[in-house]
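Before any comments, here is the structure.
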Amino acid sequence: MKLKAFSILLFLYASGVLSQNTLSGVVSNNENDPLPEVEIYINELGAYTTSDDNGNYRFENIPDGSYEISAFGFNYELVQFPVEITGNTTFNVRLEPLAEELSEVLITRRRERIFALRSLRKVEGTAIYAGKKTEVVQLDGISGNLAANAPRQIYSQVVGLNIYENGDGGIQLNVGGRGLDPNRSANFNIRQNNYDISADVLGYPESYYTPPAEALGEIQIIRGAASLQYGTQFGGLINFKFKKPNPSKPIEWISRQTAGSYGLLTSYNSLSGTSGKLSYFTYFNYKQGDGWRPNSQFNGRNFHAHIGYQVTNTTKLSGEISLFNYLAKQAGGLTDAQFLQDPEFSNRNRNWFDVDWMVYSLRLDQEFSENTKGSLQFFGLDATRSALGFRTNRVSQPDDPEAPRELLVDNFQNWGLETRVLTNYKLLNDDAVLLLGAKYYQSNNDQQQGPGSNGDTPDFRFASDEFPAFERQSKFELPNENLAFFGENIWELNERFSVTPGFRWEYIKTESAGSFENIVLDLAGNIILEETVRDDRIFERNFVLLGIGTAYTLNNGLELYGNVSQNYRSVTFSDIRVVNPSFVVDENITDEEGFTADLGIRGRIDNTWSIDASVFGLRYDNRLGEVLFVDADNSVKRRRGNIGDAFIYGLELFGDWNLGNTLDLDPDRYRLSWFLNSAFTQSEYLRSESVGVKGNKVEFIPEINLKTGLRFGWDDLSLALQYTYVGEQFTDATNAPQDVSDNQRGIEGAIPSYGVLDLSASYSYKMWRLEVGVTNLLDESYFTRRATGYPGPGIIPAEPISVYSSLQFKL
């Protein structure tokens with residue numbers, strides 16, 4: 001398909017480059033043993049790297065000058081030293097063991113003095129992030145309910161995210177942003193340790209599995225310009241990075257037990273360590289809860305194992321497997337009138353949801369030379385999801401216990417292979433970095449929809465023989481095939497200014513083979529027409545996405561960055577074929593396309609402020625959405641199709657003020673900081689063939705999205721207070737307002753603004769750590785989504801005031 005936006009973009013910059021320097025060396029202890037995973041920071045430039053398994057570290061493109069270098073390793077003293085750079089410089093770092101045993105919270109606090117706000121480095125591993133808007137959530141600095149994957153707290157410093165809150169113990173993550181539907185984070189490429197974990201990246205890009213936050217070291221987020229390396233999606237990338245094996249112990253055991261309101265109980269236990277060339281990290285996580293509404297019970301189990309083997313100094317092999325299962329009862333959605341009267345109400349006691357997930361990966365990292373390295377990663381998924389229950393577009397209608405429930409079962413089997421080669425080379429006698437990669441992806445999925453039993457247990461068997469007159473029945477096989485080549489190149493136009501052009505070529509083949517039942521009933525429920533309609537399709541396309549990023553380092557170490565990249569989202573047969581009583585699908589539905597652009601400034605000011613401020617624009621052509629219409633039977637339904645072309649733009653601001661440094665407090669004893677995270681977003685439909693859409697605002701965009709908070713630390717005690725405010729947002733392109741009258745549906749209408757206050761605290765003593773907190777401290781009654789299908793349809797109320805307590809033991 002021909003992409004309209006930026007079809008002609010400069011890919012090559014044939015400019016001469018000026019000189020840059022390198023700073024490199026070896027990090028070791030006082031016995032000259034190399035130390036891996038030591039974090040090194042050039043304070044004036046905001047440059048960051050870590051030492052490899054052999055203790056080596058390296059910085060590229062450092063201008064001449066005097067700098068202060070900081071080095072941090074767990075269980076070692078924090079060191080800072082001056083370095084004069086007038087050419088390629090070698091500087092070896094030696095770390096001394098801690099003179100006294102410190103608690104984990106004090107060690108973490110020392111680290112935060114240097115790494116308050118980290119964006120991804122220009123080059124990390126075999127990936128390039130120069131000129132992109134990147135954010136890193138470092139979990140060891142998060143104060144909040146990690147056991148419940150509390151997204152409002154975990155992503156508090158990521159600007160502009162729109163979050164659905166389900167109150168299910170954090171089993172599923174639902175995040176969007178910049179006008180992207182948060183439902184199961186389907187507009188982001190979701191990965192863990194750099195490989196895909198969503199159901200089907202092409203045919204069903206929804207994430208039913210989310211790793212527990214207690215097992216994560218950091219979460220990497222790259223906005224829309226990530227399309228060049230990670231796919232075509234508008235949202236960008238969310239990459240969950242697990243904790244690394246402890247490099248200095250053969251066995252490290254962490255156990256965390258949590259209890260909370262509404263029957264929440266979780267247990268997290270992990271083992272990790274390193275022995276010679278072998279390293280490992282494994283955990284088991286169990287959680288259960290009753291939910292705060294009736295019919296909301298859930299339980300889940302998650303197991304993960306990672307094994308790494310350093311074959312040689314230049315070759316490393318690693319393998320992983322993750323198993324995840326959960327069963328949840330779903331209370332269903334509400335109308336506006338029901339929500340206002342009693343948000344705890346539920347008129348669904350037969351709805352269930354079940355997920356079984358297995359993802360696996362095998363990775364080879366190879367250093368071919370000092371300048372060239374590569375990676376080869378094989379990954380796969382074998383999973384199923386089953387939804388069972390009573391679903392109608394009249395949300396207020398009570399469930400009929402004699403009627404069959406609707407059952408949807410999807411099976412996902414896919415695998416992929418991604419290879420990357422990154423090399424540092426000379427261009428006109430100066431340094432440059434080239435990344436080339438390829439990805440092959442194949443899936444073979446199937447989907448079936450039909451009648452389930454009329455009981456109330458989680459019985460995920462089809463009952464077609466018992467209920468042949470059930471109207472919504474279909475069965476499809478949905479194979480997909482994808483081949484992609486991508487590349488990026490960092491060119492240093494001078495010692496401060498770099499340009500990074502890139503491309504991605506995609507071939508996508510989507511197939512659909514199956515049939516659906518067309519059943520027409522008379523008013524008495526008798527079958528007057530029954531036919532099987534065959535629907536086989538093959539859809540092939542290939543296209544090129546282009547993009548470019550720039551970065552300029554100012555004298556004070558702040559960095560200006562800018563980028564623009566094309567985006568593309570294909571329509572999936574899986575989305576089209578599911579029969580939903582809440583909406584119908586336009587027969588002429590087609591793919592979406594557009595571009596994303598960012599321009600911003602980030603870095604640190606006087607060791608007191610960490611900032612990232614940017615403006616963005618997102619052009620969204622052929623945007624998929626839903627509008628209301630009157631069907632042939634005079635019922636009001638929603639039509640899903642290409643609404644039109646939209647433009648979204650805004651200002652995103654993040655600032656972290658280290659009040660402790662301003663007040664000259666002892667940094668080893670006290671910590672005091674305030675952060676502000678705010679996004680101001682506007683949007684408009686520029687073109688639409690649907691009546692009453694042109695000129696409207698785009699769905700899922702609050703004009704104001706704000707989070708702010710104070711964090712205080714005194715020795716081993718930490719406190720955090722956070723306030724979240726999200727403005728009103730629409731859920732459909734017609735901008736239907738909230739209807740608090742006797743609306744029987746609850747599916748369309750605005751989501752009112754809301755504000756939530758959270759309080760958390762922790763205390764550490766030797767091997768023990770206690771965490772407590774209160775979420776929604778002011779007991780705000782609000783909701784964040786109107787579901788058109790499961791877990792609704794209808795309004796899904798957010799959780800009221802709740803408390804939690806976690807006890808951690810680390811050995």
Q) If E587 satisfies every condition in (1) open to solvent by 10 Å² or more (accessible area, probe 1.4 Å); (2) of a type in the set (D, E); (3) more than 30 Å from Q449 (Cβ to Cβ) but one, which is the exception? A) (3)
Q) Listed residues Q448, Q413; which is without any contact (Cβ under 8 Å) to a residue 60 or more places away in the chain and in contact with a Lys or Arg (Cβ under 6 Å, 6 or more places away or on another chain)? A) Q448
Q) Of these, L180, L202, which one is open to solvent by less than 10 Å² (accessible area, probe 1.4 Å), of a type outside the set (S, T, N, Q) and in a loop (DSSP other than H, G, I, E, B)? A) L180
Q) Looking at region 523-550, which of its residues are outside any strand (DSSP E or B) and of a type in the set (G, A, S)? A) A524, G525
Q | Number of the exception - V421 against (1) open to solvent by 20 Å² or more (accessible area, probe 1.4 Å); (2) of a type in the set (A, V, I, L, M, F, W, C); (3) within 30 Å of E477 (Cβ to Cβ) | A | (3)
Q. Quick check: anything in region 249-256 touching a residue at least 40 places away in the same chain (Cβ under 8 Å) and surrounded by 19 or more Cβ atoms within 10 Å (Cβ to Cβ)?
A. yes
Q: Take R420 and decide whether it is of a type in the set (K, R) and within 27 Å of E748 (Cα to Cα).
A: no
Q.
Taking the condition of being of a type in the set (F, W, Y) and part of a strand (DSSP E or B), how many residues in region 255-268 meet it?
A. 1
Q | Answer from N445, N424 - the residue that is touching a strand residue (DSSP E or B) at 6+ places or on another chain (Cβ under 9 Å) and under 25 Å from E517 (Cα atoms) | A | N445
Q. Mind checking whether some residue in region 301-315 is polar (S, T, N, Q), open to solvent by less than 20 Å² (accessible area, probe 1.4 Å) and free of Cβ contacts under 8 Å to residues at least 40 places away in the same chain?
A. no
Q. Quick one: how many residues across region 119-149 are assigned to a loop (DSSP other than H, G, I, E, B) and open to solvent by less than 20 Å² (accessible area, probe 1.4 Å)?
A. 10
Q: Could you grab the pairs with beta carbons closer than 9 Å, sequence gap of 6+ or different chains, first residue in region 667-685 and without any contact (Cβ under 8 Å) to a residue 60 or more places away in the chain and basic (K, R), second one outside any strand (DSSP E or B) and surrounded by fewer than 21 Cβ atoms within 10 Å (Cβ to Cβ)?
A: R669/L106; R669/D715
Q. Which of (1) in contact with a Gly (Cβ under 6 Å, 6 or more places away or on another chain); (2) open to solvent by 50 Å² or more (accessible area, probe 1.4 Å); (3) within 20 Å of L228 (Cα to Cα) does F485 not meet, given it meets every other one?
A. (1)
Q | Unique residue being under 23 Å from the mean Cα position of the chain (by Cα) and aliphatic (A, V, I, L, M) when the list is L659, L653 | A | L653
Q | Residues satisfying the stated conditions in region 644-693, i.e. modelled with pLDDT of 90 or more and in contact with a Lys or Arg (Cβ under 6 Å, 6 or more places away or on another chain) | A | G644, D645, A646, F647, I648, S673, N677, S683, Y685, S688
Q: Working only within region 448-479, note down all residues that are assigned to a strand (DSSP E or B) and either open to solvent by 10 Å² or more (accessible area, probe 1.4 Å) or farther than 24 Å from D196 by Cβ (or both).
A: Q448, Q449, G450, P451, Q473, S474, K475, E477, L478, P479
Q.
Against the conditions (1) closer than 26 Å to L436 by Cβ; (2) modelled with pLDDT of 95 or more, where does F368 fall short? Just the number, please.
A. (2)
Q: Specify the residue that is nearest to S683 (Cα to Cα); the eligible residues are those in region 206-218 that are in contact (Cβ under 8 Å) with a residue 60 or more places away in the chain and open to solvent by 20 Å² or more (accessible area, probe 1.4 Å).
A: E218
Q. Does region 679-701 contain any residue that is among the aliphatic types (A, V, I, L, M), open to solvent by 60 Å² or more (accessible area, probe 1.4 Å), closer than 25 Å to T608 by Cβ and part of a strand (DSSP E or B)?
A. no
Q: Might you check whether a residue that is part of a loop (DSSP other than H, G, I, E, B) and under 15 Å from G452 (Cβ atoms) occurs anywhere in region 407-417?
A: no
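Every residue, every condition in (1) at pLDDT 90 or above; (2) open to solvent by 50 Å² or more (accessible area, probe 1.4 Å); (3) within 32 Å of the chain's Cα centre (by Cα); (4) of a type in the set (D, E), yes or no:
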site	(1), (2), (3), (4)
E495	no, yes, no, yes
G502	yes, no, yes, no
T510	no, no, yes, no
I519	no, no, no, no
G525	no, no, no, no
D536	no, yes, no, yes
Q: Kindly check whether there is at least one residue in region 694-705 that is aromatic (F, W, Y) and without any contact (Cβ under 8 Å) to a residue 60 or more places away in the chain.
A: no
Q.
Suppose we filter region 281-300 for residues that are closer than 13 Å to A215 by Cα and either open to solvent by 60 Å² or more (accessible area, probe 1.4 Å) or small (G, A, S) (or both); how many remain?
A. 2
Q: State all residues of region 322-336 that are hydrophobic (A, V, I, L, M, F, W, C) and either open to solvent by less than 60 Å² (accessible area, probe 1.4 Å) or on the phi > 0 side of the Ramachandran plot (or both); if no residue qualifies, say none.
A: F324, L327, A328, A331, L334
Q | Test for P501: is it over 30 Å from T392 (Cβ atoms), free of Cβ contacts under 8 Å to residues at least 40 places away in the same chain and assigned to a strand (DSSP E or B) | A | no
Q) If R420 passes every condition in (1) more than 24 Å from R58 (Cβ to Cβ); (2) assigned to a strand (DSSP E or B) but one, which one does it miss? A) (1)
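The values are calculated or read from the model by the stated rules, or taken from the named source; none is laboratory data. Quick caveat: nothing in here was measured; it's all calculated off a predicted structure. Neighbour counts are summed over all protein chains in view; Cβ atoms, including those assigned to glycine, are modelled from backbone coordinates with ideal geometry. Calculation scope for accessible area: heavy atoms of the full protein, side chains included, ligands and nucleic acids excluded. Shrake-Rupley method; radii C 1.70, N 1.55, O 1.52, S 1.80 Å.
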